[in-house]
1. Treat every Asp and Glu Cβ in the stretch 1-84 as -1 and every Lys and Arg Cβ as +1, leave all other atoms uncharged, and give the resulting dipole magnitude about the Cα centre to the nearest 20 debye.
2. Grab the DSSP H runs of the chain that are 4 residues or longer, score each as -39,500 (n - 2.57), total them, divide by all residues and round the 222 nm result to the nearest 500 deg cm²/dmol.
3. Pull up all non-local amide H partners of Asn181: gap of 5 or more, or a different chain, and H-to-H distance under 5 Å with H placed in the peptide plane.
4. For a test of the definition: using alpha carbon positions, the gyration tensor, and the 1.5 limit on a/c, classify the stretch 140-253 as rounded, prolate or oblate.
5. So for Lys12, Lys215, Lys112, Lys70, fewest C-beta neighbours within 10 Å to most, what's the order?
6. Between Gln237 and Glu108, what FRET efficiency follows from the Cβ-Cβ distance if R0 is 35 Å, with the result rounded to 0.05?
7. Taking a ≥ b ≥ c as the square roots of the Cα gyration tensor eigenvalues, with a/c under 1.5 meaning rounded and otherwise prolate when a/b beats b/c, else oblate, which class fits the chain?
8. Calculate, in nm to one decimal, what Asn197 and Leu69 gain on full extension: separation in residues at 0.36 nm each, minus their alpha carbon distance.
Amino acid sequence: MNSVYQTLCDLKDRRGGGFLLLLDPDRVPEDRYLSLAEAAEECGVDALLVGTSFTLESRFSSAVERIRLKTTLPIIIFPGSFAQITPHADAILFSSLLSGRNPQYLIEEQVKGAPLVKQSGLEPIPTGYLLIESGSLTSVQYISGSLPIPRTKNDIACAHALAAQYLGMKLVYLEAGSGANGSVPNEMVAAVSSYINIPVMVGGGLRTPEACAEKIEAGASFVVVGTRFEQSKGFSQLREMAAATHPLEMIDV
């Protein structure tokens, strides 16, 4: 049986890119995130990320358990802290905020969480997490107390991404932040993707199918969208945004 990571890579190769839907149980009403989870596979979503930057209620594990009942898609935890670890998911982005210099998010949360990941049986996906300037103060920037990489400094982003690869990480996540004013620049996505040999994931500030397609065309392997669907009714644009990240399937049609 393939790992979640290998399944995502295979999907990316077959479809030309991957689309991950981020569900935030702390920001979204339960009926909304459960309806999104239920509709996701039919809309072309490849996997679900579940996580939040700042947990106000101790209901994360039960939320993931309820999401699990609504979908057969891979569920991957996108943790804001070691407290967001639960056996009801399939895998976890075991990430380090390499763009920052706050030891809590470089290594301290990881040390606290590692035994819990082992006990839970989750598949860890080592991830270099790079926060990119978006034009606004995002939740992750505020909570982590770290400066983002300037959006015009491709060389700095490339150096951090290469460090992630050399540290043995399997994925680099370029993140503009939840509700970002601007997404990660296409030029930065292209520069980083061509500089390293591991997949690049891009999230934050993606609001249209065209924006998703641009990231894939620039070299991203996966895009992540969440805030766009927290309040929106219906699923037509979710289907359109997922389709935009699957250029090989669009060619086949």
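Only the coordinates and a few stated rules stand behind these numbers; no lab work does. Small disclaimer: the values here were computed from a predicted structure and weren't measured. Backbone-built Cβ (ideal geometry, glycine too); neighbour counts: all protein chains shown.
1. On the way: 9 positive and 12 negative charges, 23 e Å.
Roughly 100 debye for the stretch 1-84.
2. Numbers: 10 runs with 98 residues, N = 253.
The per-residue figure over the chain is -11500 deg cm²/dmol.
3. Hits under the 5 Å cutoff: Ser136.
4. On the way: a/c = 2.16, a/b = 1.31, b/c = 1.65.
Here the stretch 140-253 falls in the oblate category.
5. Numbers: Lys12 21, Lys215 28, Lys112 14, Lys70 18.
Ranking Lys12, Lys215, Lys112, Lys70 by Cβ neighbours within 10 Å, fewest first, gives Lys112, Lys70, Lys12, Lys215.
6. Details: r = 39 Å, r/R0 = 1.10.
So the FRET efficiency works out to roughly 0.35.
7. Numbers: a/c = 1.30, a/b = 1.02, b/c = 1.27.
Since a/c stays below 1.5, the shape of the chain is classed as rounded.
8. Values: separation 128, 0.36 × 128 = 46.08 nm, distance 3.56 nm.
Result: 42.5 nm gained on full extension.
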